[in-house]
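The values are calculated or read from the model by the stated rules, or taken from the named source; none is laboratory data. Because the structure is a prediction, the values reported are computed rather than measured. A quick note on method: Cβ atoms are made from the backbone with ideal geometry, for glycine too, and the neighbour counts reach across all protein chains shown.
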Amino acid sequence: MAEGNVGTALALQDRLADYLLASHVWQQDHNGFTHQDPGFLDHVINKKADIVRVYLPPDANCLLSVFDHCLRSRHYVNVVVAGKHALPQWLNMDAAVVHCTEGIGIWQWASNDQGAEPDVVMACCGDTPTLEILAAVSILRRHLPDLKIRVINVVDLMKLQSESEHPHGLSETDYDSLFTKDKHIIFGFHGYPSLVHRLTYRRTNSNLHVRGYKERAPSQQPLTSGCRTTWTGSTWCKDVVDRLPHLGSKGAYLKQMMQDKLIEHKHYIDKHGPRPAGSPQLGSGAIPMNAQQLMDTAKALVADDKGLLAMDESTPTCNNDLPGWDSADRGGPARLSGVDCDHAGTR
């Protein structure tokens, strides 16, 4: 997003201001370093709590639910972060609506601590962190079946903050019931780790270990980005073992296995580039995306009195990608404008 758009969004807060960030750091495509910095979230959260809302849906159905809510809302600046590449579909539409309405919750189907205290809490916020955390959980449950794991997914980032600081914040009781008061929390986050620490610094449980984005050389491949930023399912498995000494020799062997796998991936990347065959690919039973629902949501962006404030692409690209969206479809003058961070001065 261009810097000027933030001011425009805040000026339009009496109507609707929605930011959908679809080109993000974990798969940059052709965009390079201009799309590598997730610090927009840090900037937005500095704004007035009564105005700002930040959502990171983990899959397409959750994105539909979140954006439906955003399009219906008024007097807010809504920021939604969701990659534009195909990823597994974790929840059906009904489950996605419930999960997004709550904003945060335990994914029981991925957890195995029912009826007992968890040994570790695995939390994720963002589509790619969710994929990698669930890859780590899959590995841990396969190699350490007695380990009790609770998986928490965060859609509404402001749920992490105290209710005294933000209207969406969780109470201390609700936060502790999810994350426990003393168990280790391994947290995978889309952006800079410091932001999660900042939002949770008043919470009782200080055993929070966040992995997120670290500044490295740009990469076009998601696995390359993950390995360069020490941010993969294998790394999170090692984090769990390091913080649970009672795992003993089983944990030590798993940690060695994960270290070997990271080295294997690095060598493969140096030689070939793409994701190695056999690396974790979850979601074989994924629920197909509903293309019509995606189209309906996209068209709703410019329906009635709503306008698409900005797209992070050039105007020619916007026109090529959306050839059928002429002014007649929108019932008025064209309101679709491009904001290209790479070539902002050429138009």
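Scanning the stretch 188-214 for residues being in contact with a helix residue (DSSP H, G or I) (Cβ under 7 Å, 6 or more places away or on another chain), of a type in the set (K, R) and in a loop (DSSP other than H, G, I, E, B) gives a total of 1.
Which residues, taken from the stretch 112-139, are assigned to a loop (DSSP other than H, G, I, E, B) and closer than 13 Å to K183 by Cβ?
Hits for the stretch 112-139 are D113, A116, E117, P118, D119.
Out of curiosity, is I139 β-branched (V, I, T), touching a Pro at 6+ places or on another chain (Cβ under 8 Å), surrounded by fewer than 22 Cβ atoms within 10 Å (Cβ to Cβ) and modelled with pLDDT under 95? Yes, satisfied. In the stretch 101-116, the qualifying residues are those that are at pLDDT 95 or above and out of contact with any strand residue (DSSP E or B) (no Cβ under 8 Å at 6 or more places or on another chain), and the one that is farthest from L140 (Cα to Cα) is T101. For the structure I just gave you, tell me whether V98 is of a type in the set (A, V, I, L, M) and free of Cβ contacts under 8 Å to residues at least 12 places away in the same chain. Answer is yes for this residue.
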